[in-house]
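Peer 1: So that we are looking at the same thing, I have put the structure below in structure tokens.
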Amino acid sequence: MTTPPRLQLASGKVVLTGEWTLAALVPELVHLREQLAATQSGALAWDLAAVERLDSAAAVLLWRTWDERWPATLNISATCRRTLERVAAAPVSDGAPLSAPPGLIEQLGFLLLAVGEHARGLVTLYGQMLLDLLYLGRHPSQLPWKEVAANIYKAGALALPVTGLVGFLIGVTISYLSALQLRNVGADLFIINILGISIIRELGPVLVAVLVAGRSGSAMTAQIGVMRVTEEIDALSAMGISRSIRVVLPKLLALTVVMPLLVLWASAIALVGGMLSAMLQLDISLAYFIENLQRAVPVANLLIGLGKGMVFGFIVAWVACHFGLRVAPNTESLSANTTRSVVTAITLVILVDAVFAITTRGLGIPQL
Amino acid sequence: MSAPPAVVELCGLSTRIGERYVHRDLELRVERGQIVGLVGGSGSGKTTLLRQILGLIRPTAGAVRVFGQDLGAAGRLEQAALLRRVGMLFQGGALFSALPVFDNIAFPLHELKCLDVEWIRRLVYLKLNMVEMESAHGGLMPAELSGGMVKRVALARALALEPELLLLDEPTAGLDPDRARSFVELLGHLQAELGLTVVMVTHDPETLAGLATHIAVLADQRIVKFGPAAEVMAGDHPFVAGFRDGEQSGLL
């Protein structure tokens, strides 16, 4: 239906015909550009009378061919002339030169500033939480019970299958690998000590924290982030509802409460896995295993594990809410902050775990 | 040569979303050069109809033909070529929130992969100029724009590929009356110069009166009235009558 754009050069006169529109130009662009380049030398007369349509993309092409000047002789219809006039009148330069990318030292500086900024934000959020708790202590009726319960269900109850499965598999794996070693030195019975201490005290809490950071932490950041993008957070404030009490606090409370329970569940399942593996590999009966577990693992280990779970749960929710509240209203920022939230939460959890290991080194290790 | 195919042709179109029929046996034929104002009560499926034309929603029954080709049946390359001839202005702008204004408008041009940087730059500033934005606004992020500016940038992006068919969802909502008027003028010019075809959803009587050559009234899941603007506005369908009264009281 459309007639393709054509250019004829005849005796000092350039004749354009057909449709000069972007859609029609694209297939012929290479050829046409060569022809247009050939016309650039010398003052020629231009005949655009036979052009059926001329859109601004084609007009820009012509205007650049003409070196931004009107040719001496130009035969053109009124509508096409208007299009060209608009191109001629349009501003050309944005004036703002691109700034050079920052150097290595500058980047380091920016990184340090960002870390400081985040530390400040986290402390502010913590302070806000304490103030909110103080306020809720005086006005208990304002406690957002429903939100807390919903968060406990989402982050806790719904996480049971995955934490159970991962715990079971880790228990089986550790038990299996340890059994291979212990059998070599004839220390079969120590499998109970190894499994008990490592799972209850260390692996259970850290494993669950990593899973929950990936599962619930990212969800919390994304949720708060999208609420910021869609201005729902502002809508809450506009109704006079505190966003920190209604949005942030329930997540902090819920995860702090539910994480020890998840740790208990995952550790128990991991021990069951380990027990099964030990029974199959080393012929240690289940009854014997359970009986000796009480002797080999002092109860302090369980308390340390649950305490860690509580702290880790708080850290995951705290970091998730912090990054969620910093999401700028665009998609890039949302994805970047969700990533940062998970990475920071896991890093902090492992850091705090090291602190726990040092401060509790005198507790719960059985003396043989 | 046979008559050119209609720019948009909807035949026996039915759309079901969930259990509810949005359209049933809907017929519409938009010829080249027409500016069709699509009116109807809120929730009558006007925006859904625009999305149908773009192929974003597949019809439950019936066919959508754009430039005489069925979008659903076209291959991937044909589809891309067809959609390049269509510009859409979404109600909320639908700007890419991660890109500044300049890149938003340049994006479809870059995607053609055959225009040089200088050409694209000039075209972007030209479009910005067309919608009465300053070049300096090119560096702003969509979140930093006011509602009216979002609308104008979205229009500039819709116009970037020099579309032959322009679909507008509430183009003048959120613009001040002056801007709305110059927007109507701009579309009028473009229509005259390029033979643009426009299908627009609007609630603004002034835009409708100033721009639409044809009006389609969407009610009861189908187009109950379609024809030249003056003719439809003179009709006696309850919705048209309500619209007309509203316009009159607005003018008083």
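Peer 1: How much of the DSSP beta bridge set in chain B is antiparallel, as a percent to the nearest 5?
Peer 2: So the antiparallel bridges in chain B amount to around 55 percent.
Peer 1: Checking understanding here: applying a Kyte-Doolittle mean of at least 1.6 and a length along the axis of at least 24 Å (C-alpha), which whole DSSP H helices in chain A pass?
Peer 2: Answer set is A:249-282, A:299-325.
Peer 1: With an 8 Å cut-off on Cα pairs and a minimum separation of 6 or more residues, tell me the relative contact order of the range B:174-238 in percent. Can you show the working numbers first?
Peer 2: Numbers: 38 pairs, mean separation 13.4, N = 65.
Relative CO of the range B:174-238 lands at 21 percent.
Peer 1: Consider all pairwise Cα distances in the protein assembly as shown and report the whole-number % of them above 37 Å.
Peer 2: Within the protein assembly as shown, distances greater than 37 Å cover 56 percent of Cα pairs.
Peer 1: To the nearest 100 Å², how much accessible surface do chains B and A hide from each other in total, with a 1.4 Å probe?
Peer 2: Details: alone 12400 and 20530 Å², together 30010 Å².
So the buried area, both faces added, is about 2900 Å².
Peer 1: Between A:K13, A:K251, A:K154, where does the largest GNM mean-square fluctuation fall for chain A, given springs only between Cα atoms within less than 10 Å?
Peer 2: In the Gaussian network model the winner is A:K13.
Peer 1: Oh, and also: May I ask what percent, to the nearest 5, of DSSP beta bridges between residues of chain A are antiparallel? Before the final figure, lay out the partial values.
Peer 2: Values: 5 of 15 bridges.
Just about 35 percent of them are antiparallel.
Peer 1: Further question: Considering only DSSP beta bridges whose two residues both sit in the range A:1-135, what percent are antiparallel, to the nearest 5? Let's see the in-between values first.
Peer 2: Values: 5 of 15 bridges.
Once the DSSP bridges in the range A:1-135 are tallied, antiparallel ones form about 35 percent.
Peer 1: I'm a student and want to see the number: the projected area of the Cα convex hull of the range A:86-242, averaged over all directions, in nm². If you can, show how the numbers build up before the last one.
Peer 2: Values: hull surface 81.3 nm².
That works out to 20.3 nm².
Peer 1: Quick one: accessible area per residue over chain A, 1.4 Å probe, rounded to a whole number of Å²?
Peer 2: 52 Å²
Peer 1: Looking at this model, which pairs from B:K46/B:K225; A:K13/B:K127; B:K127/B:K151 are more than 25 angstrom apart at the alpha-carbon?
Peer 2: From B:K46/B:K225; A:K13/B:K127; B:K127/B:K151, over 25 Å: A:K13/B:K127.
Peer 1: Could you grab the relative contact order for chain B? Cα pairs under 8 Å, six or more apart, rounded to a whole percent.
Peer 2: So the answer I get is 25 percent.
Peer 1: How big is the Kirkwood radius of the range A:44-124, worked out from every pair of different alpha carbons and given in Å to one decimal?
Peer 2: 17.1 Å
Peer 1: Run the accessible area of chain A with a 1.4 Å probe and give the carbon-and-sulfur part as a rounded percent.
Peer 2: Numbers: 12730 of 19080 Å².
So the carbon and sulfur contribution to the accessible surface is 67 percent.
Peer 1: What residues does the range A:50-92 have that are buried by at least 20 Å² of accessible area in the full protein assembly compared to the chain on its own, 1.4 angstrom probe?
Peer 2: A:R53, A:D55, A:S56, A:A57, A:V60, A:R64, A:T79, A:R82, A:R86, A:A90, A:P91, A:V92
Peer 1: Which residues of the range B:125-156 end up with at least 20 Å² less accessible area in the presence of all protein chains than when their chain stands alone, using a 1.4 Å probe?
Peer 2: Residues shielded by partner chains are B:Y125, B:L126, B:N129, B:M130, B:S135, B:A143.
Peer 1: What translational diffusion coefficient, to the nearest whole µm²/s, does the range B:67-127 have by Stokes-Einstein, given a Kirkwood radius computed over alpha-carbon pairs, a temperature of 37 °C and 0.692 mPa s viscosity? Can you show the working numbers first?
Peer 2: Working: Rh = 13.4 Å.
In µm²/s, the coefficient rounds to 245.
Peer 1: A follow-up question, please. For chain A, count all C-alpha to C-alpha pairs, find those more than 32 Å apart, and express that count as a whole percent of the total.
Peer 2: For chain A, the share of Cα pairs beyond 32 Å comes to 58 percent.
Peer 1: Using only the alpha-carbon atoms of the range A:119-197, report the extent along each of the three principal axes, biggest first, to the nearest angstrom.
Peer 2: 63, 29, 22
Peer 1: Name the residue, out of A:P298, A:P27, A:P102, whose mean-square fluctuation peaks in a Gaussian network model built on chain A with Cα pairs under 10 Å.
Peer 2: A:P27
Peer 1: Express the C-alpha Rg of the range B:181-247 as a ratio against the empirical globular expectation 2.2 N^0.38 Å, rounded to two decimals.
Peer 2: Here the answer is 1.16, to two decimals.
Peer 1: Largest first, please: the extent of the C-alpha atoms of chain B along each principal axis, to the nearest Å.
Peer 2: Result, largest extent first: 52, 51, 43 Å.
Peer 1: A further question follows. Got the relative contact order for the range A:259-360 handy, in percent, Cα pairs under 8 Å and 6 or more residues apart?
Peer 2: Computed over the range A:259-360, the figure is 28 percent.
Peer 1: Report D for the range A:180-300 in µm² per second (integer): Stokes-Einstein, Kirkwood Rh on Cα pairs, 37 °C, 0.692 mPa s.
Peer 2: Translational diffusion coefficient: 188 µm²/s.
Peer 1: For the range A:210-368, what number results from the quotient of the Cα radius of gyration and 2.2 N^0.38 Å?
Peer 2: In units of the globular-protein estimate, the range A:210-368 measures up at 1.34.
Peer 1: Another question, then. May I ask you to give the average projected area over all directions of the convex hull of the Cα atoms of the range B:1-144, in nm² rounded to one decimal? Before the final figure, lay out each step's value.
Peer 2: Numbers: hull surface 46.6 nm².
For the range B:1-144, the mean projected area of the Cα convex hull comes to 11.7 nm².
Peer 1: Along the Cα-to-C-beta direction of B:D25, a point sits 7 Å from the Cα; which residues of the range B:49-76 have their amide N less than 20 Å from that point?
Peer 2: B:49, B:59-65
Peer 1: Consider all pairwise Cα distances in the range B:102-186 and report the whole-number % of them above 22 Å.
Peer 2: 23 percent
Peer 1: Based on Cα coordinates alone, diagonalise the gyration tensor for the range A:10-55, multiply each eigenvalue by 5, take square roots, and list the semi-axes in whole Å, largest first.
Peer 2: Result for the range A:10-55: semi-axes of 19, 14, 7 Å.
Peer 1: Going 7 Å from the Cα of B:R58 toward and past its Cβ, which residues in the range B:1-34 have a backbone nitrogen under 16 Å from where you end up?
Peer 2: Answer for this model: B:14-18.
Peer 1: When N is the residue count of the range A:99-151, what does its C-alpha Rg come to as a fraction of 2.2 N^0.38 Å?
Peer 2: Rounded to two decimals, the normalised Rg is 1.93.
The values are calculated or read from the model by the stated rules, or taken from the named source; none is laboratory data. As the structure is a prediction and not an experimental result, all values here were calculated from the model. With ideal geometry, Cβ positions are generated from the backbone for all residues, glycine too; neighbour counts draw on all protein chains shown. Surface accessibility is based on the protein's heavy atoms, side chains included, excluding ligands, DNA and RNA. Shrake-Rupley method; radii C 1.70, N 1.55, O 1.52, S 1.80 Å.
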